[in-house]
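The values are calculated or read from the model by the stated rules, or taken from the named source; none is laboratory data. These numbers come from a predicted model, not from an experiment. Every residue, glycine among them, receives a Cβ derived from its backbone with ideal geometry; neighbour counts consider all protein chains shown.
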Ligand code: ADP
């Protein structure tokens, strides 16, 4: 089965075509600058048309959807109800779900009869218990507005969890890990017996670690202070916290760890500080997650920084497990969110086919 995997962002569509179940990558590409002034590609529909000119004989599509709320704990076949529900989550994920939905709607329009599956970034974290996902706000804000920790990067954390279980030669439901997804976006997850029990990202992907351009953990009073003191609008604050902060904001150089490390080597003190904060916060979370998990089989690193920056990994791990009797393994696992989406799409459609033939 040829499965097209789509990651529709606000101005781009990343796509990969897999042959399943062989998992062979047949084609990959990216449409950029969607909707930008100088661009010929005005919207996601036009982007999808371009992709369909390059790729034929698609038998299924797997869509990355960032926010699946409490409703979606697993991938699901897209129908009218699912579209409505994904649309309703645009309110809590205005920076992500609208673009994901545009990609889905464009595919439904131009690929009639081809099954479309939604795979949610939040799904893996739906096993987090209430005492870990609730914020200290009046309970009605959870009940009425859905304000709680959802967690993101779930497809990546789930993928590396499954790979780690294979490497450790343990059944998935017996494996406990701390998984660090360190890319442009960064998050860290506590995995107990194969399930996510806490993660650093929250209601949005802004919470937690210091990231490329996102600030991570912040005293919420800073937001109201900026509103009053600087007269910042909600949009300006979103821009500040999501696009101008993190490694970029501290270093004043770049959001890219490679460039920051180069500047640090050349003696730039703000670059050094940015790296220190980045590492300090990861170590702090690892400490917290070690406490809630008791013991772990492995600490897992993945994504751009996690996979490629051995010095950063070394600094994170420095004397980290000295007090533990049984030292966990440290694993570096290349994440593959697209393959995970292709696998889940194929698996869901195969299960449905089996169910239909059994009836
Ligand atoms: P995204 O989260 O946008 O998918 P990545 O997972 O590629 O991005 O992570 C981007 C970060 O990873 C950057 O800070 C970059 O410096 C680092 N990175 C990516 N590839 C490499 C590499 N080959 N060597 C060193 N660092 C890398």
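For the reader, a short list of remarks on this structure follows.
- Residues that are farther than 20 Å from residue 179 by Cα and either modelled with pLDDT under 95 or crowded, with 24+ Cβ neighbours inside 10 Å (or both) within the stretch 333-343 comprise just one, 342.
- The number of residues in the stretch 202-257 that are away from the ligand (no atom under 16 Å from the Cβ), outside any loop (DSSP other than H, G, I, E, B) and without any contact (Cβ under 8 Å) to a residue 40 or more places away in the chain comes to 17.
- Of all residues in the stretch 258-311 being assigned to a loop (DSSP other than H, G, I, E, B) and more than 8 Å from the ligand (Cβ to nearest atom), the one that is nearest to residue 325 (Cα to Cα): 295
- Leading residue by the ranking (surrounded by the most Cβ atoms within 10 Å (Cβ to Cβ)) among those in the stretch 109-144 that are touching a residue at least 40 places away in the same chain (Cβ under 8 Å) and part of a helix (DSSP H, G or I): 125
- Within the stretch 184-201, the set of residues being touching a strand residue (DSSP E or B) at 6+ places or on another chain (Cβ under 8 Å) and either within 13 Å of the ligand (Cβ to nearest atom) or modelled with pLDDT under 95 (or both) comprises 186, 187, 201.
- Considering the stretch 25-55, the residues that are under 23 Å from the mean Cα position of the chain (by Cα) and part of a strand (DSSP E or B) include one that is farthest from residue 2 (Cα to Cα), namely 31.
- Any hit, the stretch 156-179, residues being free of Cβ contacts under 8 Å to residues at least 60 places away in the same chain, under 21 Å from residue 205 (Cβ atoms) and either within 16 Å of the ligand (Cβ to nearest atom) or surrounded by 16 or more Cβ atoms within 10 Å (Cβ to Cβ) (or both): yes
- The set of residues in the stretch 308-319 being surrounded by fewer than 18 Cβ atoms within 10 Å (Cβ to Cβ) and within 26 Å of residue 128 (Cα to Cα) consists of 317 alone.
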